[in-house]
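Have a look at the structure below, then the notes.
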2 protein chains.
Amino acid sequence: MVEAKIGISSRELIGPNDLLVVKIGGSIEEEYLDTICNDIAGHYFDGRPIVILHGGSRPTAVLAEQIGHPQETVTTVSGHTSRRTDPETLKIFTQACAGLNRTIVAKLQERGVSGAFGISGIDGRLFEGRKKELRILQGDKKIILKDDYTGRAERMNDSLLSGLMGLELLPVICPPIISSENKMLNADFDLAAGLLAAELQAEALVILSNVPGLLRSYPDEASLIETMTAADLERLIASNEYGNFRKKFMAAKQAIEGGVGNVILADGRIDKPITSALCGSGTVISGSLDY
Amino acid sequence: MVEAKIGISSRELIGPNDLLVVKIGGSIEEEYLDTICNDIAGHYFDGRPIVILHGGSRPTAVLAEQIGHPQETVTTVSGHTSRRTDPETLKIFTQACAGLNRTIVAKLQERGVSGAFGISGIDGRLFEGRKKELRILQGDKKIILKDDYTGRAERMNDSLLSGLMGLELLPVICPPIISSENKMLNADFDLAAGLLAAELQAEALVILSNVPGLLRSYPDEASLIETMTAADLERLIASNEYGNFRKKFMAAKQAIEGGVGNVILADGRIDKPITSALCGSGTVISGSLDY
């Protein structure tokens, strides 16, 4: 399918007035935010409606180290690795995500995007979810990890986001999210981006990280998988191949099933990373193919 | 004027549909946030339009200590003491304010205030201001302190705030603010509250801190000054008496001159602190008196 992309114009994967959702990976180095924000500003001034989401793994790790409360990971009974979010880590995570959020909003303001508007998942209950029960082994016994504040965004306050966009704001959304019991939760924001793109019927969801897309043999960039179908996603999620991309696959699946035109797993470290992704650079998962 | 207050009902200083602005002092201990949020929720469920602002001095000091970058103060040439905000302190301040903001929003959500909505002064350029030039003595020479990010909120994006309230949100606003040159700034939020109350023509501005109001002889709580006029404010600002309350006086002056009915400097550590303030507890500065 590589040939099919030859000659694709810079807007082939999305029309000029279609909604674009961009997830900025929380592990992208801060030095790349300038080029990312340049590109966002370009699309904004083209009049395209945009929603940005971002995680906070890198700034959280930095702040946790500075404070002297390094992050732990736990392995669940089912064999998945999960970051431990005890109350202190939740506080660190919340502050670090907000710090990155303000940085991105200020960088967009510098570029004239006066509508850039930071918001967390708890504000106006934008993202509501359920606290996960992490089952771990303690010696030979399976126990539920207490005092852990991890969850998954399950519902979005659509009318809030539409209302904000009606005020000509460009939402820049970060964790935490809020639980049904009104606790703040650390939640994966690839999944939140998938939910949001589906709920808002976005035309494209671009997920930027610090690799060029899905690589068949990491870190060989020549092994980039250029296109995938929804059926491929199903298979990869079930097989747990490329485990570190699993949440991106799940997000893509939710988006595509929800009617999003294209999900592109793309490189956030290059010039015009979003425009390139919309031109087909990265791993393109198309809703119109084989589904 | 103490007698005049006998028998004042719980709504004497404000009508049921009048806008209430509450500033929560950044140095109030976190343990008092629960009672403050109880009171906010009560007014919210009464249907009163409310805007909350808060500073971040206490959480900033805590985080700065944790990180090992303790805060410095500088004395300017004109003899005022100012907190030094170097780039690292700005980052700490921004994160700490956001942490407190999320805490307050989550506490309000717990109480059923689903519209509670955190926002910083940079989002949508809510509060724009100018970078202060801090002139200090270096040996015998007067120099402008470089790399300091302090400023004062001078303009408010009224239509943004009205738009958010039109979405039935209860804004909970924190620093930083944004400069005309798009830099984040540490800004006093008593002054921001005064500006906001004036711009929105609030009926009352309640400024909560960890004292019962203005005390003639601190810390003697029996020396509470119960009422003040706008003329008193002018005099106190000019004389620099009660220096640590100077910004509150300036905020009150801006609010009263802007048409706000009453500004109440009140105790944030008591039960129903806002309701009590609206009943006349604290130092009441009335726009209708002697002006």
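The numbers here are math on the coordinates, done by the rules we state, and not lab data. Just so it is clear, the structure is predicted and the values come from calculations on it, not from any experiment. Neighbour counts are summed over all protein chains in view; Cβ atoms, including those assigned to glycine, are modelled from backbone coordinates with ideal geometry.
Quick notes
- Cα lying deepest toward the dipole's positive end in region B:94-144, options B:Phe117, B:Ile143, B:Ala96, charges on Cβ: B:Ile143
- Qualifying trypsin sites (Lys or Arg not before Pro) in region B:222-267, DSSP loop, other Cβ atoms within 10 Å at most 13: none
- Take every pair of alpha-carbon atoms less than 8 Å apart whose residues are at least six positions apart; their mean separation over the length of chain A yields a relative contact order of 23 percent.
- Once the Cβ-Cβ distance of A:Arg130 and A:Asp158 is raised to the sixth power relative to R0 = 22 Å, the FRET efficiency obtained is 0.75.
- Between A:Thr73 and B:Glu65, the distance separating the two model label sites (each 7 Å from Cα on the Cα→Cβ line) works out to 3.4 nm.
- Across peptide B:99-108, the average count of Cβ atoms from other chains found within 10 Å of a residue's Cβ is 5.
- Sorted from shortest to longest, the distances between the B:Ile143 label points of this copy and the other copies are 5.6 nm, with each point 7 Å from Cα along the line through the beta carbon.
- Under the combined filter of DSSP loop state and at most 15 neighbouring Cβ atoms within 10 Å, region A:102-160 retains these GluC sites (Glu not before Pro): A:Glu133.
- No disulfide-compatible partner, judged by a Cβ distance under 4.7 Å, exists for the following cysteines of the protein assembly as shown: A:Cys37, A:Cys279, B:Cys37, B:Cys279.
- Ascending distances from the B:Asp220 label point to its copies in the other chains, with the point 7 Å along the Cα-to-beta-carbon line: 8.4 nm.
- Here region B:147-175 is scanned for amide nitrogen atoms under 11 Å from the site 7 Å beyond the Cα of A:Glu168 along Cα-to-Cβ, giving B:160.
- Taking a straight line from the alpha carbon of B:Lys146, these aspartates and glutamates sit under 13 Å away, with near neighbours fewer than eight places off in the same chain left out: B:Asp86, B:Glu133.
- Sorted shortest first, the distances from the B:Pro87 label point to those of the same residue in the other copies are 3.6 nm; each point sits 7 Å from Cα along Cα-to-Cβ.
- Expressed to the nearest 5 percent, the antiparallel share of DSSP beta bridges inside the protein assembly as shown is 40 percent.
- For the residues of A:123-130, the average number of beta carbons from a partner chain within 10 Å of their own beta carbon is 4.
- Shielding value for B:185-194 is 0, the average number of Cβ atoms from other chains within 10 Å of each residue's Cβ.
- Once the C-beta distance of B:Thr81 and B:Glu226 is scaled by a Förster radius of 30 Å, the resulting FRET efficiency is 0.55 to the nearest 0.05.
- Region B:204-261 and region A:208-260 have their alpha-carbon centroids 60 Å apart.
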